[in-house]
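In what follows, a single structure is set out as structure tokens and then discussed.
The values are calculated or read from the model by the stated rules, or taken from the named source; none is laboratory data. Not measured: the values here are computed from a predicted model. So basically every Cβ, Gly included, is an ideal-geometry build from the backbone, and we count neighbours across all protein chains shown.
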Amino acid sequence: MKYLFLEIWFFLLLAFLLGMFVQWFFCCRNKKEDVAITAAPIASTETVTAEVEEKVAVDDSWKPLGLSSRPVDADELKRIKGIGAVIEKTLNELGIYKFEQIADWSSDNVAWVENFLAFPGRIDREDWINQANTLSSGGTTEFAKRVDKGDVNYDS
């Protein structure tokens, strides 16, 4: 057995190295490096979009301010298009209960929430901040009207 190993050790080493190269070629060669955004202010919320495939590193200081407990007059965040029952529950766990809180989000807050929810670009794409501004000022949106009428079913 020892003699057989000594005769084929070179081929075993060559097969091992070839296997490592093939694994690298198919799995690791095209991976992009993670891109970190510095804590410098972003010019607009459009900077962080769904089209960007790089992983964005966010800072915990970007977390939006939340309330310590649910207020009596908490808003139904599901009236914002793009926020369903699950996302509303998650936002509530973060202390986000009011339209005013969402309306006051900065671009850093948006980046943090999108990273937390794992939905990059969704807040801008579905225009949560403008909807929250409208709803917090007493206005309404077409989607909020549909929710109020019961045309949007979150149970299914």
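To keep it simple, each residue is scored yes or no on (1) over 23 Å from residue 140 (Cα atoms); (2) in a helix (DSSP H, G or I).
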site	(1), (2)
89	no, yes
92	no, yes
111	yes, yes
115	yes, yes
120	yes, no
123	no, yes
May I ask you to list the residues in region 95-151 that are without any contact (Cβ under 8 Å) to a residue 24 or more places away in the chain, of a type in the set (S, T, N, Q) and within 12 Å of residue 81 (Cα to Cα)? 130, 140
Look through region 67-99, keep the residues that are small (Gly, Ala, Ser) and more than 18 Å from the chain's Cα centre (by Cα), and return whichever of them is modelled with the highest pLDDT. 74
If I filter region 117-134 down to residues being under 18 Å from residue 66 (Cβ atoms) and crowded, with 17+ Cβ neighbours inside 10 Å, which single residue comes out as farthest from the chain's Cα centre (by Cα)? 132
Can you pull out every residue in region 100-111 that is farther than 12 Å from residue 66 by Cα and surrounded by fewer than 21 Cβ atoms within 10 Å (Cβ to Cβ)? 103, 106, 107
Suppose we filter 52, 58 for residues that are among the aliphatic types (A, V, I, L, M), touching a Phe, Trp or Tyr at 6+ places or on another chain (Cβ under 8 Å) and at pLDDT below 85; which single one remains? 58
Being at pLDDT 80 or above and among the aromatic types (Phe, Trp, Tyr), is that true of even one residue in region 20-38? yes
